[in-house]
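The values are calculated or read from the model by the stated rules, or taken from the named source; none is laboratory data. Since the structure is predicted, the reported quantities are computational estimates derived from the model, not experimental observations. Don't worry about glycine lacking a Cβ; one is built from the backbone with ideal geometry, like all the others, and counts go over all protein chains shown. To get the accessible areas, we keep the full protein, side chains included, count just its heavy atoms, and leave off ligands, DNA and RNA. Shrake-Rupley method; radii C 1.70, N 1.55, O 1.52, S 1.80 Å.
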Amino acid sequence: MYLDEFEYYAPKTADETFELAGRLGSQAKVLAGGTDLILNMKQSLLKPQCLIDINGVKEFQGLIYEAGKGAVIGAATKISELEHSAVLRDKYFALHQAARELGSTQVRAMATIGGNICNASPAAETSSPLVALGTKVVINSAAGERELPLEDFIIGNRKTALEQGELLVKFLLPEPAPQTASCYTNIGLRNAMEIDAVNMAVNLTLEADNRTVKVLRLVMGSVAPRPLVSVEVPALLVGQALNSNLIEKAAAAAAGEAQPISDIRATAEYRREAVFVLSRRVLQEAFNAAQEV
Amino acid sequence: MEGKKFSQVGRSVTRIDGPAKVKGEAIYTDDMVMARMAHGKIKRSTYAHAFIKNIDYSKALALPGVLAVITGEDAPNKWGIVPQTANEVTLAVDKVRFHGEGVAAVAAIDEETAEEALDLIEVEYEPLPVLLDPFESMKRAGEILIHENEPDNVLHQGEQLFGDPDQAFAGCKYVLEKKFYTSYVNHAFLEPHSSLAHYDPQNGQLQLWSSNQVPHYLHRQLSIVMDMPMNKIRVILPAVGGGFGGKGEASSSDFCAALLSRKTGRPVRVTYDRNEVFVTNKGRHPCHMKMKIGLDQNGYIQAVDFDNTLDGGAYAGWGMVVMFYTTSMIHLPYKVPNARARVRRVYTNKPTCGAMRGLGGVQPRYAMECLLDELAEMMGVSAYELKMKNAVESGYRSVSNLHVPHTEYKKCLQTVVENSGYLEKHGKQPFGKGIGLAGGYYISGTAYTLYLSYKPHTTVLIRVDTEGGVTVHCAAADIGQGCNTVMAQMAAEVLGVNYEDVHVVSGDTELGTFDLGSFASRVTYASGVAIKEAARQINDKLFEVAAGMLSCRAEQLEVRDRRFYSVFEPKKNIEWEKVVDVYTNTVGTLTGIGHFSPPRLKGIDLTRGERVQGANIGHSPTFGFSAQAIEVDVDVETGKVRVTKVTEAGDCGQAVNPMSVEGQVEGSIMFTLGQALYEEMHLDKDGRMMNACLHHYKVPTVMELPEMDTTIVDSYDPTAPFGVKESGEGPVQPTIPAIANAVYDAIGVRFTELPITPEKVLKALKEKQGK
Ligand SMILES: Cc1cc2nc3c(=O)[nH]c(=O)nc-3n(C[C@H](O)[C@H](O)[C@H](O)COP(=O)(O)OP(=O)(O)OC[C@H]3O[C@@H](n4cnc5c(N)ncnc54)[C@H](O)[C@@H]3O)c2cc1C
């Protein structure tokens, strides 16, 4: 319950942060909202000797959208800021929806999007929509910067591609193509403070005829060690004029792809069932929304 | 009969404890700090069932800052709320019986050091087979006993027979029998247990501040465990953040704090983590039940047969009492002329079950209300009609001799059916939408103390003087339910002053006069009787003086609005304060004392006139009633059940504070909705709790809150003080069966096991489709 002693650093600039992270190496952990980290420390699952608090670093914060170019979201941006962003609601609806579902009002006021991704829980709220939206992450250290598609950043259950001394600094979301809509949905026992039994996001672009699928990404959470990008659903639907029959087939395919496990929240069978229902719903919803863009 | 015209009773006045709590100024036990105070922590077992071979705490003692370590041997005296079955010890002696049982405790200069010291205590165990299922526990009793002196791994079993159920069933037109299971749930009160003890070695006095709802029983248990006379111990309750039965007995935190204080000569505080609240539990008993109900051709209940296996966990606790409550609860709120109950309360290697809001009622109520719903369907009538037909009326005496002096249960049923549109909706909504009806009742106090004694259950002392005005003394426990406010309102009513003028001194075994505690929904009724008596004595004395001052006769006076009036010449009146002033100047401080002793009622089989074992349990001076119509939306693809609306009507007698009643009713519904749909403690195969925190133990959040329409039906029990009954446990009863009946109405599946999770719903829907 009590935290071991640790040294606390509160850098003010990105460079200062990278220098610290490089110098302290594996002894240090980045502290963003602390809503995962501090809990792990209290349960003695993690015992970092140093914490680098990045909340004072302006460069890591905020959401900037530029028409035609897309959005840049700082890693230390609070979920509550994303939840209330009008741009996000208009352009990246799936992420807006996911932000609203994370934890509770209090948790969202503390939690950051970078923390959610770096914690790399299979049930994380924002990873499915971010992957579906084609997000890239920018990783930085004293040695320099690199960029990765988000699906290559999350490499397993609580594992990321971060090397020692590296920080996730921002998310790059491409400008949505015309006639694109994205949607997110999740299921758990309660409607708040819930760790998802299954979550799912879809990003869908239609052809000019307003019916044929041009591009589609469907990403499932909590049914595999990392966000599961469906291969079969786009294979079934791209180039097709969408209808409820096809959607039903695609949903069955998604359920086939899921690799759920049984745990305290749900059994594998239930999760597979839920994948079927949720993918059907979210595909239909995205289709309706894309037709109206 | 007294009139129903009240000025202080019946008003939704601001709660006495409200503002301080809202502002965060209320002082809870864990907020208290004393000079030289040390901090205690408990080392907990990592086995669910094992012999303790050795405990080595030398390293812990050597840690700088550690003041003392105790183990079970420091306090071997057994305690328990039910003295006949007391079998708990402060810390395990020789053997642990559940995962998380305390094995040692440390006092240190701060909590961090105490926690560090726990890791340095080495305990050597010899593991034993872990029995987690009550049926397995009984079956394997020959091989392994949880308590050496409890054969069969059964705490107690009972059989009760009233009338001739077999013969009655033979003549029934409609008979239905089913099995039901209720889950393993915890109260999840907001404030974890906290105890601060101060033993003074100079005078040998012990003071204990504790988050507890039964200061008197805690007082008694402390005296046993500490081997000290009660008059050397004082128990005080600071603000208490909820109890719901979970603080309805002592806790190891109390004893460890007291023992460590005596050992160190310093005040010691022990506050539980949430995890410890879960692993020490004392929540609701999971019940494996079988119930059979028979109706004659006209739908009148002829007989009920009830079989119940209660999974009690490791120790006795409230177990025997809970067990007999489950049998008592089949006799109301319907007329049941013949009944049989066979029940047993079994030991398992789980955190012990105990008392939880609506104790012993919730489980059989679930079974009974669901069966009646189904029987109504068999008969082709509405559940409403069937329940109205069988509902008890004022003056009813059950075959088990439960006496209901007054009831508006039928009015409750009628009101919810009208307000919810039950008859228009039931069976007529699209697939997935449903409405369910259920009723219930609860006691307003008990007929007996837990230990054999016939002393009054509550004593109230009212003191009036020119300095303090009116002060009501009573060691009742305000645990957040608001009894201090209600006691002030009742005292003010009789004294003719405003409730704001009344100071209430409660929750203190030294300053307060005797009270058994806050359980069994007893305090409003019991303190009401005593307050009335004490206040009348005060009035008698003041009337004499006022009469002299007004030149009239005392019996011609009345007191209201802080004035004495002549009933014949209202112009003749005088301020209350002036009269008090004259009285105190001539005689001194005024006191009045009142007592409450419940009517003694015997649990007998009225048809034979014979005593029935355990049947004294369940008697009450009066009973509260509630009916609920609950509407659900079932997502038939994901199995998620959403409660959309709850319509409730309750008979709590005269509501002393209607706002508090609403709070109790709405709280009751949410509390129980959790057990119906979300909450359950999970143990792994070794008996370790897997969700001992509020993130994984799913209490409903505000997002699950349904629309609520609650009505306090017009009711007044002429036999009760101010016409009151209870409102904190009756409304708990109908919620689960109303939800289950609603789910049936929505999707045609009857759920007989809790909680009704999406997973179970989906599975059942598939099976139904398969058919
Ligand atoms: C009550 C409660 C409810 C919750 N409900 C949900 C929920 O519904 N859905 C959900 O997905 N999560 C939930 N969570 C988990 C948690 O709130 C989120 O994962 C949150 O987004 C974590 O962000 P944070 O800023 O608090 O991360 P922190 O705890 O500060 O950090 C998490 C991890 O990421 C590392 N880290 C953080 N930022 C960076 C960075 N920029 N670069 C490198 N490493 C970094 C940290 O070192 C740490 O290891 C809940 C948590 C609580 C306590």
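Observations on the structure shown:
- Residues along the stretch B:608-646 losing 30 Å² or more of accessible surface when the other protein chains are present rather than the chain by itself (probe 1.4 Å): B:Glu637, B:Thr638, B:Lys640
- Structural descriptor for chain B: relative contact order 16 percent, calculated from alpha carbon pairs under 8 angstrom and at least 6 residues apart.
- Total charge dipole magnitude, the protein assembly as shown, about the Cα centre, Cβ charges on Lys, Arg, Asp, Glu only, Debye to nearest 20: 1580 debye
- A simple packing score, the average count of other Cβ atoms within 10 Å per residue, orders the peptides A:255-264, B:367-376, B:106-115 as B:367-376, B:106-115, A:255-264, with the highest score first.
- Cα shape, the stretch B:1-141, gyration tensor, a/c 1.5 rule: oblate
- Each Lys or Arg adds one and each Asp or Glu takes one away; over the other residues whose Cβ falls under 10 Å from the Cβ of B:Thr752, this sums to +2.
- For A:Ile139, net neighbour charge (Lys/Arg +1, Asp/Glu -1) across residues whose Cβ lies under 13 Å away: -2
- Ranking B:Ile739, B:Thr638, B:Gly624 by how far each Cα lies toward the positive end of the dipole of the protein assembly as shown (charges on Cβ) leaves B:Gly624 at the top.
- Mean separation of Cα contacts under 8 Å, 6 or more apart, over the residue count of the stretch B:59-202: relative contact order %: 17 percent
- The loop-placed chymotrypsin sites (Phe, Trp or Tyr not before Pro) in the stretch B:430-518, going by DSSP, that have at most 14 neighbouring Cβ atoms within 10 Å of their Cβ come out as B:Phe431, B:Tyr451, B:Tyr454.
- When the solvent-accessible area of the stretch A:58-173 is split by element, carbon and sulfur atoms take up 49 percent of it, the probe being 1.4 Å.
- DSSP beta bridges fully contained in the stretch A:180-292 are about 95 percent antiparallel.
- Heavy-atom accessible surface that A and B bury in contact, both chains counted, 1.4 Å, Å² to 100: 2300 Å²
- Backbone amide hydrogens, once placed in the peptide plane, bring A:Gly70 within less than 5 Å of A:Glu175, excluding anything fewer than 5 places away on its chain.
- Normalised per residue, the accessible area of the stretch B:7-55 is 52 Å², obtained with a 1.4 Å probe and no contribution from ligands, DNA or RNA.
- Taking Cα centre as origin and charging only the Cβ of basic (Lys, Arg, +1) and acidic (Asp, Glu, -1) residues, the dipole magnitude of the stretch A:180-292 rounds to 100 debye.
- FRET E, pair B:Met549, A:Leu3, Förster distance 56 Å, beta-carbon r, rounded to 0.05: 0.20
- Ligands, DNA and RNA left out, the accessible area of the stretch B:571-724 computed with a 1.4 Å probe is 53% carbon and sulfur.
- Of every Cα-Cα pair in the stretch B:621-699, the percent that sits beyond 21 Å: 49 percent
- Cα-Cα pairs of the protein assembly as shown separated by more than 60 Å (percent): 16 percent
- Placing unit charges on each Cβ (+1 for Lys and Arg, -1 for Asp and Glu) gives chain B a dipole about its Cα centre, and among B:Ile479, B:Gly512, B:Gly440 the Cα reaching farthest toward its positive end belongs to B:Gly440.
- Sum of -39500 (n - 2.57) over DSSP H runs of 4+, divided by residues of chain B (222 nm, nearest 500): -8500 deg cm²/dmol
- Compactness relative to 2.2 N^0.38 Å, alpha carbon Rg of chain A: 1.01
- For the stretch A:243-282, a drop of 40 Å² or more in accessible area on going from the chain alone to the assembled protein chains (1.4 Å probe) is found at A:Ile264, A:Tyr270, A:Glu273, A:Arg281.
- Probing with 1.4 Å while keeping every protein chain in the model, the per residue accessible area of chain A equals 43 Å².
- Rolling a 1.4 angstrom probe over the protein heavy atoms with all chains in place gives the stretch B:445-488 an accessible area of 27 Å² per residue.
- Here the stretch B:9-119 is assigned +1 on the Cβ of each Lys and Arg and -1 on the Cβ of each Asp and Glu. Its dipole about the Cα centre then comes out at about 460 debye.
- Of the trypsin sites (Lys or Arg not before Pro) found in the stretch B:358-446, those that fall in a DSSP loop while having at most 12 other beta-carbon atoms within 10 Å are B:Lys428.
- Other residues with beta-carbon under 15 Å from the beta-carbon of B:Thr672 carry, at +1 per Lys or Arg and -1 per Asp or Glu, a net charge of -3.
- Protein-protein interface of the stretch B:688-706, residues with accessible area decrease of at least 50 Å², isolated chain reference, 1.4 Å probe: B:His695, B:Lys698
- Length gained when the stretch B:His403-B:Arg342 is fully extended (0.36 nm per residue, less Cα-Cα span): 19.7 nm
- Carbon and sulfur %, accessible surface of the stretch B:428-496 computed with the full protein complex present, 1.4 Å: 61 percent
- Computed over chain B, Kirkwood Rh from alpha-carbon pairs, angstrom: 27.3 Å
- Percent of alpha-carbon pairs separated by more than 16 Å within the stretch A:180-292: 54 percent
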